[in-house]
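Scroll down for the structure; my scribbles are underneath it.
The values are calculated or read from the model by the stated rules, or taken from the named source; none is laboratory data. All of these numbers come straight from a predicted model, not from anything done at the bench. Using ideal geometry, Cβ is built from the backbone for each residue, glycine included, and neighbour counts are taken over all protein chains shown.
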Amino acid sequence: MAARRYHLARPQYPAVLFDALHEMAGLIGPADVLEVGPATGVATTPMAERGHRITAVELGADLAVEARRNLASFKEVSVEHASFDSWEPERWGSFDLVFAATAWHWMDPGTKYQRARRHLRPGGVLAFWSAGHVVPQGGDPFFADIQDVYDEIGESLSDSHRFPTPGEMPDLSGEVAASEGLEMIGVRHFDWEITYDANAYVALLETFSDHIAIDGWKRDRLFGEIRRRLAERPDGLLRRHWGAALHAARRDPPD
């Protein structure tokens, strides 16, 4: 049930991001793709719709079950219940693309780039991005206003916190460049807006690890106040902007 709620609450990624991914990776026809941490298949689906042969490696057992259910109509997609940090394919160096959508930061920082490189064919591409909250000029003031409730329940943001604006998602080019055998292709930024009613926004927050971790009474107070404040708006809605920085790097030719 929790995995299903996650699937329904988490945002879809914009089509232009996948267009850019294909352009940067040089994917023209169906390709052999490894997805790292697909969760319930939010990013897998648009890749499968483009005809790719996808192996998706998911650590969470319930998430893997939900992903298989959501992707059952795609015969060229398989979901492996395993950790990317230890999963081994039948043959190394067999993928044209290794990609991760809001999952790459969970992988072992000491080994993930070299494991991705080993999975790629020479000239293959590693791509990853994470979706995060951005606030553009003129964005919804709700998120700044609701901070008084976070303060009240002892879950304040740090004094140095600032909501990033579109185009300010972290650029990890230096991290990629420091890994042997991968050459940066580039980084492209995307942002998009999703409108939420109170139920949908609370459902989204219930999928965030920091909100899951707080005490129940704190969640009740926060979610109750979110519902109350949105009920006071004429349309009962808030606008949340999402941002993502798509990174792409190419594996060098064999030694």
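Some notes on this structure:
- Count of residues meeting criterion [touching a helix residue (DSSP H, G or I) at 6+ places or on another chain (Cβ under 8 Å) and part of a strand (DSSP E or B)] in the range 91-107: 5
- Residues that are over 22 Å from the mean Cα position of the chain (by Cα) and without any contact (Cβ under 8 Å) to a residue 40 or more places away in the chain were ranked within the range 115-147; the one that is surrounded by the most Cβ atoms within 10 Å (Cβ to Cβ) is R118.
- Output for the range 146-174, where each listed residue is under 30 Å from L17 (Cα atoms) and touching a Lys or Arg at 6+ places or on another chain (Cβ under 8 Å): none
- Top-ranked residue of the range 209-237 - restricted to ones that are loosely packed, with under 12 Cβ neighbours inside 10 Å and modelled with pLDDT under 95, ranked as nearest to S158 (Cα to Cα): D210
- Meets criteria (free of Cβ contacts under 8 Å to residues at least 40 places away in the same chain, loosely packed, with under 13 Cβ neighbours inside 10 Å and either small (G, A, S) or not in a loop (DSSP other than H, G, I, E, B) (or both)) for G110: yes
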